[in-house]
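To keep things clear, I will list the structure first and then write my remarks on it.
What follows draws every value from the coordinates through simple rules; no lab data is involved. Given the structure is predicted, the values throughout are model-derived calculations rather than measurements. Cβ: placed from backbone, ideal geometry, glycine included. Neighbour counts: every protein chain shown.
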Amino acid sequence: MFDEPADDDNENSAERATDPTDRAKEKLDEFRMHAELAAVFEGKRKFDAELYPNLDPEIARDIQRTVGRLEKSKSADSPLLPAPSAADALRLLALPDNSDDVSTNNYHIHRRPGEVTIVRWLAGEQVETFYTRMQAHFDAALTQFREEERQSLAWKQDPQTLAYLKALDAINVRLADRYLRDPIRQHNVFLLSTQSADEIDILYLADYLMSVDPADLVGRASAPGEAPTESERAWFFKLFSLRGMHEGEERMCFFIFLQKSDDSDSW
């Protein structure tokens with residue numbers, strides 16, 4: 001997430017894999033992950049969300065332990081949480097209703113040297129907006145990519161390239177379906193999915209996605225200085241997305257763990 005790929009790596013992406021459908025699927029997954037990141041982190045830039053950097057350490061630890069239990073309880077093959085985990089999931093989703101220390105929409109931050117945890121809750125219409133924005137980010141990226149690939153590859157008339165372009169044109173994804181939104185609302189189930197990166201550029205996260213000073217996010221001591229090296233900008237990143245219902249209202253809770261990569265011992 002630091003440098004643009006070299007031309008040799010980026011050129012003629014249709015030639016990098018053997019199956020056109022697999023190539024198209026790889027791009028779909030990439031755009032979905034970036035769309036989720038954008039929708040999670042654009043709240044301050046787009047929806048008047050605030051950064052609250054003084055999340056109570058006990059609340060932060062409780063949330064982290066709860067998320068850890070939920071992750072361990074589910075199958076690696078499915079985001080569906082088992083029934084015994086429902087109480088933990090519901091308690092976490094309902095926390096803004098039961099605590100004066102946290103609220104929906106905003107980013108609640110707890111910092112330790114070289115580590116940052118961020119928690120953001122969404123409820124009701126905020127969840128609706130999240131899915132709308134995530135879909136918009138995905139569609140925009142896919143549309144741009146289709147056009148770029150067609151301009152660079154359409155002159156090739158070999159079957160493999162044409163099949164690849166056809167596979168791109170055939171993609172029609174409703175991300176709410178991928179995130180199992182209807183089962184959540186119809187069957188009152190809880191789901192937890194994750195996204196992680198060994199290295200994410202903290203400037204990309206803070207400056208580009210959130211439009212905040214990195215120091216406001218990770219603290220002055222951990223923020224990169226002027227003209228930082230790649231290693232100074234690199235943080236281990238893991239995003240947990242918990243989804244479910246609370247008293248008939250759709251809820252989401254995002255728990256983000258960040259650790260400076262040079263200190264990293266993956267959480």
task = Could you estimate the translational diffusion coefficient of the range 16-263 from the Stokes-Einstein equation, with Rh from the Kirkwood formula over C-alpha pairs, at 25 °C and 0.890 mPa s, in whole µm²/s?
result = 126 µm²/s
message = Using the alpha carbons of the range 29-147, what is the convex hull volume per residue in cubic angstrom, as a whole number?
response = 143 Å³
ask   = Non-local amide H neighbours of Phe190 (under 5 Å, H modeled in plane, Pro and chain starts lacking H): which ones?
value = Leu81
ask   = Longest span of the chain, sites excluded, free of GluC sites (Glu not before Pro) in DSSP loop with at most 14 other C-beta atoms within 10 Å?
value = 51-225
ask   = Which ³J(HN,Hα) values, rounded to whole Hz and listed in residue order, are derived for the range 208-215 from phi using the Karplus coefficients 6.51, -1.76 and 1.60 in 6.51 cos²θ - 1.76 cosθ + 1.60 with θ = phi - 60°, glycine and proline given as x?
value = 7, 7, 9, 6, 10, 5, x, 5
task = Enumerate the calculated ³J(HN,Hα) couplings along the range 124-141 in order (Karplus 6.51 cos²θ - 1.76 cosθ + 1.60, θ = phi - 60°), each rounded to whole Hz, writing x wherever the residue is Gly or Pro.
result = x, 4, 5, 5, 4, 5, 4, 5, 5, 5, 4, 4, 5, 5, 5, 4, 5, 5
inquiry  = Here is the link list: Lys44/Lys74; Lys74/Lys260; Lys238/Lys260; Lys46/Lys260; Lys46/Lys238. Which ones come out longer than 21 Å on Cα distance?
reply    = Lys44/Lys74; Lys74/Lys260; Lys46/Lys260; Lys46/Lys238
